[in-house]
Structure formats: C-alpha cells, structure tokens
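Here the structure is laid out as structure tokens; the discussion comes afterwards.
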Amino acid sequence: MFSLNEDALAIFEKHRKEIKKPLTDRARKMAINKLRQMPPELQMKAVEQSVLCRWTGIFPPSKYKNSFGKPDLPTRLRNTKLKMLDDF
C-alpha cells in the first residue's frame, strides 16, 4: 500500500459533489483504498482521468490505453473534441 495523495482525494470528492453524486462514508473509504493501491503520482492521474471523463469511480490510468500505449478517451469525448474543432 502507498501513502494517500490527499490532493487527489480532495479533487475527487469535489468532482463527485459537482456531478451531484457525493461520496458516502463507505464510498469515501473505498476510494481511499483504491487510491492507496497506486503510487501517489498515479493517484492524481487516475483522479484527473475520472474528472475529465465524468466517471463516478477511480481507475488506474494504464487500464485505459489504446494499442499504441497512448491514453484512450471514451468515444463520446473524442467526438465532442472533434465537433468543437469543427466550430472554428
């Protein structure tokens, strides 16, 4: 187990409140346990990915890489990005 990145946890808690799904006491403990399974620098990357994708959970960043080893975003975010570029 690794030490907890308190900043990552605070960002995740704020994100959950913003999407109107605040953490329960049990969910907070589970999120802490999930984060502590990763090194502190990966904890922040996992939380940033969850916030970017509006996920309610925390997942290790390496799990979401495409076949070229680069981060892979869900289709809905890739399409949103393309639509935004088309607007210019």
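Please label the shape of the range 6-65 as rounded, prolate or oblate, based on the square roots a ≥ b ≥ c of the eigenvalues of the alpha-carbon gyration tensor (a/c under 1.5 means rounded; beyond that, a/b larger than b/c means prolate, else oblate). Oblate, because a/c is 1.5 or more while a/b does not exceed b/c.
Residue by residue, the range 42-56 carries 3J(HN,Hα) couplings of 6, 4, 5, 5, 5, 5, 4, 5, 4, 5, 4, 8, 6, 7, 8 Hz when phi is fed to the Karplus relation 6.51 cos²θ - 1.76 cosθ + 1.60 (θ = phi - 60°); x denotes Gly or Pro.
Sorted ascending by nearby beta carbons within 10 Å, beginning with the fewest, 11, 19 become 19, 11.
As a calculated quantity, the FRET efficiency between residue 30 and residue 53 at R0 = 22 Å, using C-beta atoms, amounts to about 0.70.
Throughout, read-outs are computed from the coordinates displayed, never taken from laboratory work. As the structure is a prediction and not an experimental result, all values here were calculated from the model. Cβ: placed from backbone, ideal geometry, glycine included. Neighbour counts: every protein chain shown.
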